[in-house]
Amino acid sequence: MSPRRHRTAARGAALATAAALMLAACGGSGDAADTGGSGEPVAGGTLVYLDKGTFDTLYPPEAGFYPNGGLVNNITDRLVHQNPQTLEFEPWLATDWEINEDATEYTFTLRDDVTFSDGTPLTAEAVAANFDLYGLGDDDRALIVSEAVNNYESSEVIDDTHVTFHFSVPAPGFLQATATINSGILAPSTLAFAYEDFGPGNATAVIGTGPFVISDEEIGASVTLTAREDYDWAPESADHQGRAYLDEVQVQVTPEASVRVGALLSGQADIVREVPAQDEERVAGAGLDLFAPQTRGVNNVLSLRIGNDILADLRVRQALIAGIDREAVTDTLFTENYPLATSILSSEATGYIDTSEYYAYDPERAAELLDEAGWEVGPDGIRVKDGEPLTITVNEALPQPRSFDVVTQISQQLREIGVDLQILRADAGTYAQAIQDPDQVQIYHSMVGRADMDVIKSQLYSANRNSLLNRDPETDEITDPELETLLEAVAAEPNHEDRIAASQAVQVYVAENAYVIPLFEEPQVFGAQPDTHGFGTESVGRPSFYGVWLDR
């Protein structure tokens, strides 16, 4: 079989994403992914960036949490660059790549002029060690397998600039995986870390090849990124090459939205992440820049835990869907930057299919379904069956925008059909345990951003995020084996069109079985000073400071 070289792969990606890009072009102002600039870039200066939360690990496979990704995206590079505007794949640390026909072997040719920030050279051996860790994990050091890397078997170092990766079965999502922050390339010294070494207090020791290094850290409060003077291997499509324009970026943790927005409005901050929807008009009205790149993966959804006795009944799940006016929720709480979801996947995701017919608001039908399921209306309006009230619990998801407001409004709607929806607000430890128990949290509020079809497997598969708790954490019992098989096909089908079909089969299956309630397509909303230019994001909205310059 003849291998496919990278230009073929890029064309394939362009075709695959064409439909999504057409949809993106129809969106609102939030589609912009770069603030641009009107004059000649200016070198130097310090940028003040406010983030909602502090990082909890810099281990790349766990960089999906946006405060983690905001740092990993700037201190590490990847083998391949996924252009955030076109979603095509471009050379970065790898100048070329070949993929065999069944996508079980990937061979990369590496640049020979790249160094880590500790001065050690980037070699094929170092790259192989990165993916051996990301693909296989290390239980002894509590380092998990990356959910972006599926079916990994082994690496093979050919010479200093060539490395081949082998997979036990086809891994069509691997090329995109090498472009994600979950595959940020680390120095050999950092790869020797245990899990706790990637955590707060040790940030300055995490070494990558990126345009910035972490030069200072105040635990839980701030991190300083300092530009590397010798950086000269940005992707070819970057607006400039060489050293980053900025000298430093001060990343300051600012949990309170009112403080973040106030600092932006007063000029104390240059860029802030997560401008609340209710503040967007105020920020734009003050003449500041506002933009909202989409996260392009699993939408902001409620996952219904099918292993719970109440939600095991399809009629109850369908009733919950019919009893929620999703459009009223989004219209009341959000702006046009948060489009109503029409599938578990974003309309900007490759393979997206509209399944909105399954999510119609119909409270009368909801009541009928609950009647059929044996839930009778009690004296206080809450339905009862076998003496037990129809009470279920949803978590408040702190990383998600306005999560408490969203589930509060949904709770009010469900009460109208006799469902008592309780909201779990808890400390981190209690929360982490509760969401792993379908009898404590029956509805799970979450999302996942990734610009590859594997994202649906990441969210639902039992060995990944297991958001439905399709695998019982206590017994490992699988509730729905058919869903598992459908998800495995998405991650292992080498033919692109067949893979799209596999993804769409999952979307329809999830809708038919009422497994999730899609709410809205989630953006990352940033506000910026008008004299701050060149700010961009990677393909799912993590900030990049490499091209930023200050016109002052």
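Take every Cα pair under 8 Å in the chain that's 6+ residues apart, average their separations, divide by the length, and report that relative contact order as a whole percent.
After rounding, I find 21 percent.
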Rounded, prolate or oblate, given the Cα gyration tensor of segment 145-186, with a/c below 1.5 counting as rounded?
oblate
Mind checking the angle between helix 403-415 and the chain's longest principal axis? C-alpha axes, 0 to 90 degrees, to the nearest 10.
20
Say R0 is 35 Å: what FRET efficiency, to the nearest 0.05, do residue 436 and residue 118 get from their beta-carbon distance?
0.35
Checked against the positive end of the charge dipole of segment 400-452 (+1 on Cβ of Lys and Arg, -1 on Cβ of Asp and Glu, about the Cα centre), the farthest of 441, 403, 421 is 403
Taking the Cα atoms only, what angle lies between the long axis of helix 124-136 and the longest principal axis of the chain, rounded to 10 degrees?
10
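On the accessible surface of the chain, probed at 1.4 Å, how many percent belong to carbon and sulfur atoms?
In the chain, the share of accessible area belonging to carbon and sulfur is 48 percent.
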Net charge over other residues, Cβ less than 9 angstrom from the Cβ of residue 346 (K, R count +1; D, E count -1)
-2
Enumerate by residue number the GluC sites (Glu not before Pro) in segment 63-170 meeting two conditions: DSSP loop (anything except H, G, I, E, B), and at most 15 other Cβ atoms within 10 Å of the site's Cβ.
101
Note on segment 156-307: contact order normalised by length, alpha-carbon pairs under 8 Å, 6 or more apart, percent, works out to 10
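Could you tell me the calculated FRET efficiency between residue 258 and residue 86, based on Cβ-Cβ distance and R0 = 30 angstrom, to the nearest 0.05? Intermediate values should be presented prior to the final figure.
Numbers: r = 37 Å, r/R0 = 1.23.
That gives a FRET efficiency of 0.20.
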For the charge dipole of the chain, defined by +1 on Lys and Arg C-beta atoms and -1 on Asp and Glu C-beta atoms about the Cα centroid, which residue among 307, 328, 492 has the Cα displaced farthest towards the positive pole?
328
Note on segment 313-397: alpha-carbon gyration tensor, axes a ≥ b ≥ c; rule is a/c under 1.5 for rounded, else prolate if a/b larger than b/c, else oblate; result prolate
How much solvent-accessible surface does residue 309 expose, in Å² to the nearest 10, with a 1.4 Å probe and all protein chains in place?
140
Answer with a single label: of [x] 59, 51, 48; [y] 80, 63, 57; [z] 73, 60, 44, which was calculated as Cα extents along the principal axes in Å from the structure in view?
[z]
What whole-number distance in Å separates the alpha-carbon centres of segment 435-468 and segment 354-423?
20
Taking the chain as the reference, fit the longest principal axis to its C-alpha atoms, fit the long axis of helix 6-25 to the helix C-alpha atoms, and give the angle between the two in degrees, 0 to 90, nearest 10.
50
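The values are calculated or read from the model by the stated rules, or taken from the named source; none is laboratory data. The shown structure was predicted, so the numbers you read here are calculated from the model rather than taken from an experiment. Backbone-built Cβ (ideal geometry, glycine too); neighbour counts: all protein chains shown. Quick note on the areas: whole protein, heavy atoms, side chains included, nothing else; ligands and nucleic acids left out. Shrake-Rupley method; radii C 1.70, N 1.55, O 1.52, S 1.80 Å.
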